[in-house]
Each structure stands twice: as structure tokens, then as C-alpha cells.
Amino acid sequence: MQPDTIAFAPMFTSAEEQILRALATAVGDHAYQQWFSDKTSLTVQDDEITIGVASPFLADWFQKKYRSTVRQAAQSVLGPSVRVRFEVDPDVAGAQIQNSGSGEDVDGEQPATPKPKRESKTKAPTERRRGRRFSDLSDFVKGPCNELALTAAHQICDSADANFNPLLFHGPVGTGKTHLLEGIYRRLRRENRELQVVYLTSEAFANYFTEALRNHTLPSFRQRFRSVDILLVDDVDFFEGKRVIQEEFLHTFKQLVSHGRQVVLTGNKHPRLSTKLSDELKTRFLSGMVCRMEAPDAATRKEIVFQKARRLSGQFSDEALNFVADRFRNNVRELEGALNCLQTYYCMTGKRVRLGAAQQVLADLERDCIRVIRMADVEEAVCNLFGIEAACLKSSKRGRTVSQPRMLAMYLARKHTHAAYSEIGGYFGGRNHSTVISAEKRVDALVTGSATIQVAAQNWRVQDILDTLEQQLRVS
Ligand SMILES: Nc1ncnc2c1ncn2[C@@H]1O[C@H](COP(=O)(O)OP(=O)(O)OP(=O)(O)O)[C@@H](O)[C@H]1O
């Protein structure tokens with residue numbers, strides 16, 4: 001991966017300085033001296049920059065007048081995913097009050113608020129950390145459920161020439177896909193500042209694209225995304241069913257990969273299981289390395305809970321933490337939610353949280369985690385996976401493309417809703433109870449025989465399909 005020359009990058013020492021220089025060029029010297037130099041603070045935190053100003057009125061005014069200029073300046077240094085915030089910085093405000101009385105008149109563009117004063121003190125980029133904090137790879141707890149993915153993430157950061165492109169993480173919600181992607185971003189930004197690394201969600205990519213289409217700025221949109229060294233895109237499932245955006249992303253992807261630039265993606269399902277991604281995009285997604293991430297096993301959950309608890313100010317007994325790890329099994333977000341409850345309880349009482357208190361505090365949360373699965377949920381999950389309409393599932397059609405999904409839907413409805421056979425048969429197109437019984441037997445036999453059926457023109461083991469559907473039912 002050869003870093004492209006980024007405008008301004010080689011000339012200045014820090015990202016803050018580069019942004020300020022780009023800004024000065026964009027707004028002109030006069031306006032820069034009048035509004036920015038010595039009168040604002042600038043903080044860069046990952047892909048977010050914060051401009052600190054002296055009052056809420058100024059924050060509002062800057063937002064209206066300079067937001068897009070500041071964003072463009074920041075993008076020229078940090079890449080297209082950068083976000084800009086304006087907020088009151090008490091240090092800047094304090095410095096302005098101290099220096100009041102030395103103001104000068106400005107041109108007609110000033111806001112109808114107290115004006116910034118000339119001699120207020122420039123605030124150097126501070127250590128303060130605001131806004132989004134990207135996760136770090138070093139905080140990621142390794143277990144059998146994610147070991148391969150973590151190793152691949154480190155390989156991307158370690159080697160300028162990882163031999164898989166793209167790297168794609170997929171798995172159920174809350175299993176750490178975004179954490180790994182952010183961790184890659186953070187490590188690369190920390191250790192390879194010369195690389196142009198862009199992190200964004202696929203939704204943001206789609207929004208930038210639509211904006212570029214609307215504003216007739218496609219060439220600059222393309223130039224931005226097709227010249228990065230490493231592109232990290234979260235949640236590619238969002239591209240599903242969006243043909244034009246898929247096409248655009250495909251070209252971006254091809255261009256990057258053909259120039260040896262790395263692409264890392266995350267998604268909730270294996271690309272092959274997607275019925276709404278173009279075949280060409282799917283093939284590209286599969287051409288590198290696909291890592292599945294699973295819900296954490298017991299030992300990993302325990303390690304995660306203990307690690308996260310160490311970062312909290314609360315005191316918790318080991319039994320209380322083991323209780324959390326044991327009870328909240330679906331994903332790491334649930335574990336975090338439970339720990340937050342215990343932390344709040346600790347803040348309220350000031351007492352070390354023991355097992356009894358944890359059980360009491362978490363009882364409600366546990367109840368909330370009980371998922372009642374309805375036949376409509378099964379229907380929706382099956383239809384999504386197989387790309388068919390609900391009406392089709394309930395119809396009298398008997399072709400395989402419909403009868404197999406229907407058979408699986410009946411099987412899952414019986415397993416998870418405990419509805420009577422006749423009710424299930426009635427729901428899926430007015431069939432009788434013996435049809436459901438026979439569907440149940442057939443699926444059991446297919447699982448036992450490791451049989452496969454087709455999803456999206458690929459053969460999948462019935463057990464794998466059931467696992468995928470059941471994961472969706474658990475979290476939907
Ligand atoms: N192995 C892990 N070690 C430490 N924290 C983890 C681990 N896995 C997940 N987490 C934490 O769990 C939370 C949810 O993880 P994350 O957002 O990465 O999940 P995800 O798989 O991207 O979910 P979604 O599909 O909903 O986007 C985050 O706070 C993350 O830091």
C-alpha cells in the first residue's frame with residue numbers, strides 16, 4: 001500500500017495544523033484572522049473535529065456560516081468521513097472575557113452577539129476527548145468466537161501487504177464487528193499517520209453519494225473515495241436492494257483493490273446469504289477473507305465482563321460479575337447493559353455490589369431479555385433470508401423455492417412459538433396439522449443427514465440456515 005500524496009500532509013506536523021492551514025487558505029487571511037486565529041480552539045479526535053468557540057451564539061453562527069468550509073478543510077486532511085462540531089469551549093470563553101474591551105469593528109458578516117476579541121488567547125489543541133471514542137484492538141477480548149477475526153484485524157495493521165482483500169467480518173449483532181473495524185482504524189491512525197484511512201458506515205457512503213449526485217459533484221466524491229489507502233466500511237447490509245449505490249460502491253471497490261489498497265467490511269450475514277446484493281458485489285466481497293464472529297461463549301463472556309468491570313468506578317463481587325456473564329448470553333451489548341445497571345446501583349448506594357443485589361437489580365433486565373417469538377417473526381426472518389414475499393409463503397405454490405422455506409418456517413414456528421400444529425398450518429396458508437408434522441420430520445431428517453438446500457443460488461447446510469434464522473429471531 002503506497003500512501004497517496006495528500007494535500008498539505010507532508011508540509012505540516014500535526015493534523016490540527018494542517019486543518020488550520022487548509023482553513024486559512026479557504027476562508028482567506030482576513031476572515032481567518034478575524035474569526036479563527038486566536039479566537040477558537042480545535043480538537044481532533046479520530047474522525048471528528050471540534051471547533052471550540054466563546055458562546056452559544058457564536059457556535060450557532062459558525063455552524064451556519066463556516067460549517068461546510070471547515071468540513072472541506074478537515075476532509076482534505078482526515079478524509080471524507082470526518083465530522084465537524086462547533087461547541088462552546090469554556091477556556092476560549094474565559095480568555096475572551098479577560099480580554100474584553102479590546103475589540104474591533106468587523107465587516108457586515110458578524111453575528112448579532114458579543115464579538116470575539118482580538119487578543120484572546122489561542123488555545124492549543126487540548127488533550128480533552130469529546131464525542132465519539134473509537135474502540136481499540138487492545139480492549140478486544142479474544143475467544144474461540146472471534147479469534148480468527150481478531151488475528152486478521154491485526155494482520156491488516158501489521159502488514160502493508162495483507163494477502164486478503166477485502167477482509168469481511170460478519171456475524172450476529174453485538175458480537176464486536178464494529179469494535180474490530182474501529183480498532184483497525186484507530187491503530188492505523190496512531191501508527192501510520194501518513195496513510196489515508198477512511199472509516200465510515202455504508203449508510204454514510206450512500207448519503208455522500210446521494211449528496212454528490214444532487215450537487216453534481218460526483219467527480220470529487222469519486223476522487224475522495226477512490227484514492228484512499230484503506231477503506232473501512234461498517235454494516236454493508238445497508239447496501240442491500242440499493243442497486244445504484246451498489247454499482248457505485250462496486251466501482252470504488254474495484255478501483256481500490258486494483259491499486260493494492262485495502263478494504264475492510266462488516267455485515268450481519270455472510271454475503272452469499274444476501275439475496276439483495278448484486279452477484280458481482282457478492283463475488284468481490286467473497287474474494288478476500290470472510291471471518292465469522294459468533295456470540296461469545298461462557299469463558300469469553302466472563303473475561304469481557306471482568307475486563308469491562310475493571311474500567312468502571314463501581315465495586316462488584318466476583319459472584320455478581322459471574323452472574324452477569326452467566327445470565328446475559330446473546331451478545332456483548334447485553335453484558336454491557338447489565339454492567340451499567342450494576343454501576344448505577346453502586347453509584348446510588350455507594351456499596352460494593354454483591355450477588356444478591358445483582359440478582360435483584362438485574363431481574364427486570366433479565367425479563368426484558370426474554371424474547372417472545374411470534375409466527376410473524378418466523379415468517380419475516382424466513383422471507384428475508386430466502387428473498388420471497390410473505391404471500392408466497394402462504395400460497396398454494398409447491399415449487400421448491402417456496403416449499404422449502406415454508407417447511408423451515410413451520411419447523412421454526414413449532415420449535416420457538418410452541419403453537420399447536422393446526423395453528424401453524426393455518427397460519428402458513430390454511431394447511432392442516434399433518435403438513436406441519438411432516439415438515440418437522442423432514443427438517444429433522446435433513447439436519448441429521450447434513451443435507452443442503454439452496455439460498456441465493458448457493459447450497460447451504462440446513463443446520464447453518466437454521467442457525468442463521470434462529471440468530472435473527474433471537475435479536476430481532
Ligand atoms: N470481544 C469483545 N471484547 C470487548 N468488547 C466487545 C467484544 N465484542 C463486543 N464488544 C463490545 O460490545 C459492544 C457491541 O459491539 P459492536 O458494536 O462492535 O457489535 P457489532 O457486531 O458491530 O454489532 P452490530 O451488528 O449491531 O453493529 C461494543 O461496546 C464493543 O466494544
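The values are calculated or read from the model by the stated rules, or taken from the named source; none is laboratory data. Quantities reported herein were computed from a predicted structural model and do not represent experimental measurements. Note that we place each Cβ from the backbone using ideal geometry, even for glycine, and neighbour counts take in every protein chain shown. Please note that ligands, DNA and RNA were not included when accessible areas were found on the heavy atoms of the full protein model with its side chains. Shrake-Rupley method; radii C 1.70, N 1.55, O 1.52, S 1.80 Å.
Of note:
- Check on VAL198, touching a residue at least 60 places away in the same chain (Cβ under 8 Å), open to solvent by less than 10 Å² (accessible area, probe 1.4 Å) and either in a strand (DSSP E or B) or within 16 Å of the ligand (Cβ to nearest atom) (or both): yes
- Single unsatisfied condition, VAL361 versus (1) part of a helix (DSSP H, G or I); (2) exposed (fewer than 15 other Cβ atoms within 10 Å of the Cβ); (3) in contact (Cβ under 8 Å) with a residue 12 or more places away in the chain: (2)
- Qualifying residue in region 38-61 (condition: surrounded by 21 or more Cβ atoms within 10 Å (Cβ to Cβ), in a helix (DSSP H, G or I) and out of contact with any Ser or Thr (no Cβ under 9 Å at 6 or more places or on another chain)): no
- When ARG193 is tested against (1) within 16 Å of the ligand (Cβ to nearest atom); (2) modelled with pLDDT under 95; (3) of a type in the set (D, E, K, R); (4) not in a helix (DSSP H, G or I), just one condition goes unmet, and that condition is (1).
- Any hit, region 236-243, residues being open to solvent by 10 Å² or more (accessible area, probe 1.4 Å), over 22 Å from THR468 (Cα atoms) and either in the same structural domain as LYS282 (by TED's automatic domain parsing) or in a loop (DSSP other than H, G, I, E, B) (or both): yes
- Restricting attention to region 251-262, the residues that are at positive phi and either within 16 Å of the ligand (Cβ to nearest atom) or assigned to a helix (DSSP H, G or I) (or both) add up to 0.
- Number of the exception - GLU319 against (1) within 12 Å of the ligand (Cβ to nearest atom); (2) open to solvent by 40 Å² or more (accessible area, probe 1.4 Å): (1)
- Region 146-178: number of residues that are touching a Pro at 6+ places or on another chain (Cβ under 9 Å) and either open to solvent by 30 Å² or more (accessible area, probe 1.4 Å) or near the ligand (Cβ under 8 Å from one of its atoms) (or both): 3
- Boolean, GLN404 is in contact with a Gly (Cβ under 6 Å, 6 or more places away or on another chain) and open to solvent by less than 50 Å² (accessible area, probe 1.4 Å): no
Matching residues to (1) open to solvent by less than 30 Å² (accessible area, probe 1.4 Å); (2) without any contact (Cβ under 8 Å) to a residue 40 or more places away in the chain; (3) within 16 Å of the ligand (Cβ to nearest atom); (4) not aliphatic (A, V, I, L, M):
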{"position": "THR217", "(1), (2), (3), (4)": "no, yes, no, yes"}
{"position": "PHE249", "(1), (2), (3), (4)": "yes, no, no, yes"}
{"position": "ARG272", "(1), (2), (3), (4)": "no, no, no, yes"}
{"position": "THR275", "(1), (2), (3), (4)": "no, no, no, yes"}
{"position": "SER278", "(1), (2), (3), (4)": "no, yes, no, yes"}
{"position": "MET293", "(1), (2), (3), (4)": "yes, no, yes, no"}
{"position": "ASP297", "(1), (2), (3), (4)": "no, no, yes, yes"}
{"position": "ARG301", "(1), (2), (3), (4)": "yes, yes, yes, yes"}
{"position": "ARG310", "(1), (2), (3), (4)": "no, yes, yes, yes"}
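- The residues of region 280-291 that are open to solvent by 20 Å² or more (accessible area, probe 1.4 Å) and within 16 Å of the ligand (Cβ to nearest atom) amount to a single one, VAL290.
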